[in-house]
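Right, one structure below, let's go through it.
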Amino acid sequence: MADRYFTTLPPLIGRYWLVASLLLVLLPHLSRLPAWLAVAALTVVVWRLLRDHRNWPLPGAALRFLLTLVGFGAVFFVFRAIIGREPGAALLTVMLALKLLELRTLRDAMLVVFLGYFLVVVSFFFDETIFTGLYMVAAVLALSTSLVALNHPAATFNRSLHYVKRATTLFIQALPLMVVLFILFPRITSPLWRLPEEAPRARTGLSDEMSPGELSDLADSDELVFRAEFSGTLPRADQLYWRGPVLWNTDGRRWQRLSPSQLQQLSADALTYTMLGEAIDYSILLEPHTAQRLFALDLPAALPEIEGGVDILPDFQLLSHKPFTEQLRYTLRSVSAYRTGALDARQRSYALQLPEQVNPRSRALSQQWRAEIPDDAMMVTRALDYFRSEPFYYTRQPPVLGSDAVDEFLFSSRRGFCEHYAAAFVTLMRGAQIPARVVTGYQGGDFNSVGNFLEVRQNRAHAWAEVWLTGRGWVRVDPTSVIPPERVSETLDSTRFRSTAPAVSLYFDSPLLRNALLKMRQGWGAVNYAWSTWVIGFDAERQRALLQRWGLHKPDLANLIYYMVAALALVLTLIALVVLIQRPPRSDAIWQAYQQFRRKLADAGVEILAHEGPHHLHARATALLPQHAATIDAIITLYVALRYGRADPGQQVILKQLVTRFRP
């Protein structure tokens, strides 16, 4: 009987809902396919809608087989593979669309629905944002609605709202189970949706090299780099220097990191330091990028624990062992006041390197200062006074510089931004035989008062200098910060040195409106941060911490399974009680009339089977009582219409009259 049911033709409204919901599921995946392949798959879906509307014949087996081979070959042609995240999702998308060409029975429709559910999960392998989550909830509701419509005994178009309500009710009833499984299901070490992928898909921020004008590409970018949450009070703005690539080598214009072979030549003693102040504890949620660098406040006191491991280079830069293309959370402890160890000969030679015959005027100026000032610390002060007192301007639109870039900046243009000042300052220091290097990264951040964390965006990209002073080690010097405010060409740039600067461009004069827009932006940022922290990043460590906070001690594998089974049993019991309480009584007038009818049939010798539905009873009763076939047909037809929604409820009086007059 069940097999016969599944081989029947699904109702038309159910097929419409199925194709519509499938279109909703496929759209995100179609956007990742080449245009011609996406149009082909979309054409199949539209054809299915027209076919159901106009009752066109389905294509034959030979044509379907040919189209399947073409779809398989098209995916392989585009991705050069069929195994992997992107080719696998593309193949599933194309094949699911082609499945509509042979959808004939309810069994076929059910298979398409469940494949659609699976494709919803696949969407999270590409995008984990809260928008994707909300979109997929809508897709799941649409698929569930089609599931209800496909299995409704008397599905009609005017009952569509009823199917939506039923699917929504089922979804709400499933939410407690989902929450229990999400919180208590034993976690692997990685977050829930993280999978290895074939190639990085994130955007690049800072580069491993710098030349005048390079960081200007990031100056106007509002793209988020990372969020930082501090366990204590927010550090001062002058402590918020997020260390990135450290640049040593220069040809007079371009600055680069040390090569791997050069880094190997540096002594491990370069990482020694003495802590002079309190440590800063914080966690970072880093957005994906194509490099393997991690950002930390100066100086990182310990290596963060991340999947795959992390290294700290002799210049205190953090690099992960393997690329990451999803959000990465790590916990750090940094020291803001420190004294680094001795400088070996190899490190000193790298920190004093300057090309010959390049920027001669800068070298001459620094040598002149050196002849007058023997103390290294006073030399640093002299250079900063030079930037402060001379007519230097901060601008993000500096003039183009030639081969002697530092000379032209110091003596001609005197207009630039952080990288110009950092490169010029380090050149002056090296010309005076003071070891120095350029450090790039980010400075400051925008404090989100709603979520109580700091947001660091690409427009915070910054470059500063470090000089090595006897008795103090490496000392951070930011020559850009000494430029007086009246010589900052763009007022927005002055916010670089304020940790609570607004991160939104405002064009309204109303303070109330500005504050409302800022609060809205911060609120949305807090929601995204919570989503990334408690949904996408809910790994084994966060699960353990949450359960311990709730008093569930020792949340090992055995205890997790015990807690999960107990919680599921409790939730299922509560759901069953709610369903039983809300269930309409079976002793309504329609049911009573039908039971009276069955008793009369039993008295007439018709066996009443407990598992039998009204249609099968109709067939047997008319066969045994052919003289009453018309009355039996009228009673059962009206009962089905009243029970399953195709008749006016007022007709139950007619049903009762028919049953009362029925005398077999």
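The values are calculated or read from the model by the stated rules, or taken from the named source; none is laboratory data. Bear in mind that the values here come from a model prediction, so they are computed numbers and not experimental data. Cβ sites come from the backbone with ideal geometry, for glycine too, and all protein chains shown count toward neighbours. Note: areas computed on protein heavy atoms with side chains; ligands, DNA, RNA excluded. Shrake-Rupley method; radii C 1.70, N 1.55, O 1.52, S 1.80 Å.
Side notes on the structure shown:
- Among the conditions (1) closer than 15 Å to Ile483 by Cα; (2) within 37 Å of the chain's Cα centre (by Cα), the only one that Leu384 does not satisfy is (2).
- Number of positions in the range 341-356 that are surrounded by fewer than 17 Cβ atoms within 10 Å (Cβ to Cβ) and of a type in the set (Ser, Thr, Tyr): 1
- Residue among Gln596, Gln592 that is open to solvent by less than 80 Å² (accessible area, probe 1.4 Å), out of contact with any Lys or Arg (no Cβ under 8 Å at 6 or more places or on another chain) and of a type in the set (S, T, N, Q): Gln596
Conditions (1) modelled with pLDDT of 85 or more; (2) under 32 Å from the mean Cα position of the chain (by Cα), marked per residue:
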| position | (1), (2) |
| --- | --- |
| Thr233 | yes, yes |
| Asp238 | yes, yes |
| Trp248 | yes, no |
| Arg254 | yes, no |
| Arg257 | yes, yes |
| Gln262 | yes, no |
| Leu271 | no, no |
| Thr274 | yes, no |
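- Qualifying residue in the range 148-156 (condition: open to solvent by 40 Å² or more (accessible area, probe 1.4 Å) and either modelled with pLDDT of 90 or more or hydrophobic (A, V, I, L, M, F, W, C) (or both)): no
- Scanning the range 307-336 for residues that are modelled with pLDDT under 85 and open to solvent by less than 40 Å² (accessible area, probe 1.4 Å) returns Phe324, Thr325, Glu326, Gln327.
- Remark: pairs (first residue in the range 7-31, hydroxyl-bearing (Ser, Thr, Tyr); second residue open to solvent by 50 Å² or more (accessible area, probe 1.4 Å) and at pLDDT below 90; Cβ separation under 8 Å; 6+ apart in sequence or on different chains) = Thr7/Arg107; Tyr16/Leu49.
- Test: Leu111 is in contact (Cβ under 8 Å) with a residue 12 or more places away in the chain, surrounded by 19 or more Cβ atoms within 10 Å (Cβ to Cβ) and assigned to a helix (DSSP H, G or I): no
- Against the criterion of being free of Cβ contacts under 8 Å to residues at least 60 places away in the same chain, open to solvent by 10 Å² or more (accessible area, probe 1.4 Å) and at negative phi, Gly402 qualifies.
- Verdict on Gln443 being open to solvent by 10 Å² or more (accessible area, probe 1.4 Å) and of a type outside the set (Ser, Thr, Tyr): no
- Total residues in the range 307-334, condition farther than 22 Å from Ser267 by Cβ, among the hydrophobic types (A, V, I, L, M, F, W, C) and in a loop (DSSP other than H, G, I, E, B): 1
- Members of the range 407-437 found to be farther than 19 Å from Asp385 by Cβ, buried (at least 24 other Cβ atoms within 10 Å of the Cβ) and either without any contact (Cβ under 8 Å) to a residue 60 or more places away in the chain or out of contact with any Lys or Arg (no Cβ under 8 Å at 6 or more places or on another chain) (or both), listed by number: Glu419, Arg437
- Every residue from the range 564-588 that is open to solvent by 60 Å² or more (accessible area, probe 1.4 Å) and modelled with pLDDT of 75 or more: Val565, Leu570, Leu572, Thr573, Leu574, Leu577, Val578, Leu580, Ile581
- Whichever residue in the range 70-105 is part of a loop (DSSP other than H, G, I, E, B) and in contact (Cβ under 8 Å) with a residue 12 or more places away in the chain and, among such residues, is least open to solvent (accessible area, probe 1.4 Å): Leu103
- Members of the range 357-380 found to be under 49 Å from the mean Cα position of the chain (by Cα) and either loosely packed, with under 14 Cβ neighbours inside 10 Å or not in a helix (DSSP H, G or I) (or both), listed by number: Val358, Asn359
- Residues of the range 517-546 satisfying the condition of being surrounded by 15 or more Cβ atoms within 10 Å (Cβ to Cβ), among the hydrophobic types (A, V, I, L, M, F, W, C) and free of Cβ contacts under 8 Å to residues at least 40 places away in the same chain: Leu517, Leu518
- Checking Tyr394 against (1) open to solvent by less than 40 Å² (accessible area, probe 1.4 Å); (2) touching a Leu at 6+ places or on another chain (Cβ under 9 Å); (3) under 30 Å from Leu286 (Cβ atoms), the condition it does not meet: (2)
- Under the condition of being part of a helix (DSSP H, G or I), modelled with pLDDT under 90 and open to solvent by 80 Å² or more (accessible area, probe 1.4 Å), the residues counted in the range 37-62 number 2.
- Looking only at residues in the range 547-563 that are among the hydrophobic types (A, V, I, L, M, F, W, C) and open to solvent by 30 Å² or more (accessible area, probe 1.4 Å), the one that is modelled with the highest pLDDT is Ile561.
- Within the set Val358, Val380, the sole residue that is farther than 16 Å from Glu466 by Cα and in contact (Cβ under 8 Å) with a residue 40 or more places away in the chain turns out to be Val358.
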